[in-house]
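Read through the structure below, which is laid out as structure tokens, and then see the notes.
All of the numbers you see were taken from the coordinates with simple rules; none came from a lab. A quick note: this is a predicted structure, and the numbers were derived from the prediction, not measured. Quick reminder, even Gly has a Cβ in these numbers, built from the backbone with ideal geometry, and neighbours come from all protein chains shown.
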Amino acid sequence: MLHIARLTWNFFRIGILNELQYRANFFIQLLQSLIALAVGLVGLSLVFSHTTALGGWSRPELLAVMGVHLMMGGLIRMTIQPNMQRLMGDVREGTLDYALTKPADSQALVSVRQIQLWQGVDVLMGLGVLAVATLQLQAVLSIRVALAFVAALLCGGLMVYAFWLILTTGAFWVIRMEHIVELFDGVYAAGRYPVSLYPDWLRTGLTFLVPVAFAVTVPAEAITGRLTSTTLLQAFGLALALLAVARWFWFFGLRHYAGASA
Amino acid sequence: MRNLLAFYWQTMKTAVIIEFQYATAQYFYMIGMVAEPVIYLVVWTTIAASQGGVVGGYTAGQFAAYYIVWTLVRNMNIVFTPYGWEWRIREGQLSGMLLRPLHPLHMDVAWFAGWKVVVIVLWLPIAAVLALAFRPELNPTPLEMVVFFFSLWGAYLIRTMLLWLLGLITFWTTRVSALYELYFALELLLSGRLVPMGLMPAWVQTASSLLPFKWAFQFPIEALVADLTPAQLLGGLGLQALWILAGLAGVQIVWRAAVRQYSAVGG
Amino acid sequence: MPLIHVAQLCKTYQVPEREAGLGAALRSLVRRKTRAVKAVDAISFDIDAGEVVGFLGPNGAGKTTTLKMLSGLLHPTGGAASVLGFQPQRREAAFLRQITLVMGNRNQLQWDIPALDSFELNRTIYALPAAEFRRTRDEYIALMEVGDLVRKPVRNLSLGERMKMELIGALLHRPQVLFLDEPTLGLDVTMQRRLRAFVAEYNRRTGATVLLTSHYMADVEALCKRVLVIHHGRLLYDGGLSGLAERFAAYKTIGVTLDADTAGAVAWDAYGEVVERDGAHVRLRVPKAETARMTAQLLADQPVIDLTVEDPPIEDVIERVFAAGTAEASHA
């Protein structure tokens, strides 16, 4: 465990040093994030120029959802997505063997090799939006709420990671998986609004097929005082289950990969 | 003229053959794209329900019709990406295009037009599923259908010109991504892609009708979904034609300058 | 009027100068520092119809830049060029219909479909009459011996096979002027020979003019009676391939055969530098000016059985030209 932590830290450090060489990208990312934020805010004010509540969510509450969505999106694009895309590339080009011959846990290794530092702009911006939203909500941020929020966020993030790893492991069988990135981006956009808005079939899909609900809506529920301990427990249990499945599937895929390339 | 038609026919045929080879990949892409209008649709249907069934003149069924037709128009709107020019220049594709005795705009228009045929075929099942899930209200007249058909291609041509103009900036500077994102954001708000312009404040609606974006997006949808008068329908087609001509003129001018720039600095 | 006329042609690039650091990067957004680089520096030559001319020079000498100017892709910064009576940079359709530019590793064929379909596309781009097009196409297919390969998707072809298709596609409109930039780059010897033979045959059948660059001297030796040597953007030599050795080779090689007994006792160093020694046969490198004197001396001093005088291999000569050019340029 300590070994994995040290490994992660080293890759993280090297990744950051690498990214610092492309500082101009920071400004580009900042501009793009600002534009995206502006569009999101315009969308929100359009909605509330025609109504006072959307499916029971007030304006500041939806702002909080937007903040979490931005933040989680930034996190995914900063850490999970680049690693999984590199993994897909490695499988396609046959360069995965280099990673597999290192004396470290293979799943940990392929999960921490890449970082897109400048995507962190979205994380910070999401935090900012969230801060504004909580101010507008005039909610009392008790330690309990904060803890619940962080726990929900962590569970959601782990579920997205497990989901991505399962999909990417599929690349061992189906080589052309690049398009799932676009597919995921499209579906993740649905998290901009609370999943309770969507029709049943879609809500189920966004909860269990693609864990958008747990990644965005549940943490936002924590901030807006909607989160029940049952939901949080569910999130925790599901995160553990998904992680276990992902790990099993990864090693299953590896065995298949070794068999196919031998 | 006959030669040009032969060229268009052959290029479109080739595009259809090639793009069909990637049908699976395209399906992933198209399904990912459906998420966007579904989100808008759900949000506005919810609002309409909370406001007594109608918002901005649209009922739930009309919203459904709007955003389902939206998916086809959006697909017709996909043309050569402005981000692609950097690749064309770097990989020497541009040199190849410049050596041919034919304007490269023809090549793009013809190629993507062929691709659209594939896209429309792939779109039909998606539209069917969406229609089953969201129950659109759609009763077009024959005239509306005819105008819709032509306006789809009008929208395609307008957006081709717009994105060509945008992409040609690459000849002067490659740091364009923020600019492009700004353009796409404006287009999203002013074209009817985010919401029908009727839901926007009046001044935005005025601005939108003076800009080309709406004629490349909302007009074809409205032609089929809304109850436009014959005068509005034909007038819209006329305005599309005007924007196509303006776009052509713009592309001609900027293209000439771009090639001069390219032949000064090399690829 | 020659078919290709080039007079004092120049091309200068403005290359941005980059300094390290964020501050410099930001400053460069406002005012960019540039430096002028002369890629082609006042070169002049004429090429007549039907000639096959080799264009030699190391990487970055200005060969590709010149070819791009002659095919209309680049605008000269000075001087003038005319090809077939056209000003290339105006890129008139009538001009483009009569030329072709092939760049070794640049692909103009559609990757996912058989070359045959790409050819069809070319037919419509150049508006070729169907019957004539078919005749030309089948003629080339037979000449290149690519038979059924034209029906396979291009992505499934080998590099050499793709290059064959590339060349066929580039010549379907029967251009009168061919600019070939490293057409054989990365191909194996057999494939190089096949492409070479095709170009030679095309030139013989159509009387087209060919200007060709290649890293492989074998290409140039087989195809070109005349070569242009360019280095650091300047034209160093324009003439026959054999003249190149005469003008630039500083040495000749004398091969001498004596009988086995005497050969061992001779002090060869007195005549020249020994390059190779094999029993009674010795090869000596001798400064060009000394060749006649040394030959006479050898014949007078030694019981010579056989004696030959040779120019060094053309690769060595070229290498010398460039080495000399570099030395010259570094003094300038």
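Quick check on chain C: helices-only [θ] at 222 nm, where DSSP H runs of length 4 and up contribute -39,500 (n - 2.57) each and the sum goes over total residues. Nearest 500, please. Can you show the working numbers first?
Numbers: 12 runs with 126 residues, N = 332.
Estimated from H runs of four or more residues: -11500 deg cm²/dmol.
Highest average first, the peptides B:171-177, A:100-106 ordered by how many other beta carbon atoms sit within 10 Å of their residues are B:171-177, A:100-106.
When the helices of chain B are scored as -39500 (n - 2.57) per DSSP H run of n ≥ 4 and the total is divided over every residue, the value at 222 nm lands at -26000 deg cm²/dmol. Footprinting exposure proxy ranking of C:Val199, C:Val210, fewest other C-beta atoms within 10 angstrom first, gives C:Val210, C:Val199. The distance linking segment C:239-262 with segment B:55-89 is 74 Å (Cα centroid to Cα centroid, whole angstrom). Shown in residue order for segment B:55-65 are the 3J(HN,Hα) couplings computed by the Karplus curve 6.51 cos²θ - 1.76 cosθ + 1.60 at θ = phi - 60°: 9, x, x, 9, 8, 4, x, 6, 4, 4, 4 Hz (x for Gly and Pro).
Using only helices, what value at 222 nm comes out for chain A when you add -39,500 (n - 2.57) per DSSP H run of length 4 or more and divide by the total residues, to the nearest 500 deg cm²/dmol?
Numbers: 12 runs with 186 residues, N = 262.
Calculated mean residue ellipticity at 222 nm is -23500 deg cm²/dmol.
Roughly how many Å is it from the Cα centre of segment A:19-38 to that of segment B:164-199, as a whole number? Here the two parts' Cα centres lie 17 Å apart. Overall, the anisotropy analysis places segment C:266-312 in the rounded class: the square-rooted eigenvalues a ≥ b ≥ c of its C-alpha gyration tensor yield a/c less than 1.5. The relative contact order of chain B comes to 26 percent, based on Cα pairs under 8 Å that sit 6 or more residues apart. List the aspartates and glutamates whose alpha-carbon lies under 19 Å from that of C:Lys33, not counting same-chain residues fewer than 8 positions away? Cross-link targets: C:Glu17, C:Glu19.
Short-range pairs are left out: with C-alpha atoms under 8 Å and at least six residues apart, the relative contact order of chain A is 26 percent.
Phi angles across segment B:87-103 convert, under the Karplus curve 6.51 cos²θ - 1.76 cosθ + 1.60 with θ = phi - 60°, into 3J(HN,Hα) values of 5, 4, 6, 5, 7, x, 4, 4, 4, x, 5, 6, 7, 8, x, 7, 5 Hz, Gly and Pro given as x. Extending 7 Å from Cα along the Cβ direction at A:Leu147 and again at B:Thr229 yields two label points whose distance is 6.8 nm. Quick one: which of C:Lys38/C:Lys68; B:Lys13/C:Lys152; C:Lys38/C:Lys63; C:Lys63/C:Lys225; C:Lys11/C:Lys164 span more than 20 angstrom between C-alpha atoms? C:Lys11/C:Lys164, as the Cα separations exceed 20 Å there. Kindly identify segment B:2-265 as rounded, prolate or oblate by the Cα gyration tensor criterion: order the square roots of the eigenvalues as a ≥ b ≥ c, call it rounded if a/c is under 1.5, otherwise compare a/b with b/c, prolate if a/b is larger, else oblate. Because a/c hits 1.5 or more and a/b exceeds b/c, segment B:2-265 counts as prolate. Exposure proxy shown here: for C:Thr209, C:Thr295, C:Thr12, C:Thr308, the number of other Cβ atoms within 10 Å sets the order, fewest to most, as C:Thr308, C:Thr12, C:Thr295, C:Thr209. How much of the DSSP bridge set in the protein assembly as shown is antiparallel, in percent, rounded to the nearest 5? Rounded to the nearest five, the antiparallel share is 70 percent. Label-to-label distance for C:Asp316 and C:Asn59 is 2.6 nm, based on points extended 7 Å past Cα in the beta-carbon direction. Backbone phi angles across segment B:250-264, fed through the Karplus curve with coefficients 6.51, -1.76 and 1.60 (θ = phi - 60°), yield HN-Hα couplings of x, 4, 4, 5, 5, 4, 4, 5, 5, 5, 4, 4, 4, 6, 7 Hz in residue order; Gly and Pro are listed as x. Taking amide hydrogens as placed 1.01 Å from N in the peptide plane, the amide H of C:Leu228 sits under 5 Å from those of C:Gly54, C:Phe55, C:Leu56, each at least 5 positions away in sequence or on another chain.
Starting from the Cα gyration tensor of the protein assembly as shown, take the square roots of the eigenvalues, sort them a ≥ b ≥ c, and report rounded, prolate or oblate (rounded when a/c is under 1.5, otherwise prolate if a/b is larger than b/c, else oblate).
Numbers: a/c = 2.51, a/b = 1.77, b/c = 1.42.
Prolate, because a/c is 1.5 or more and a/b exceeds b/c.
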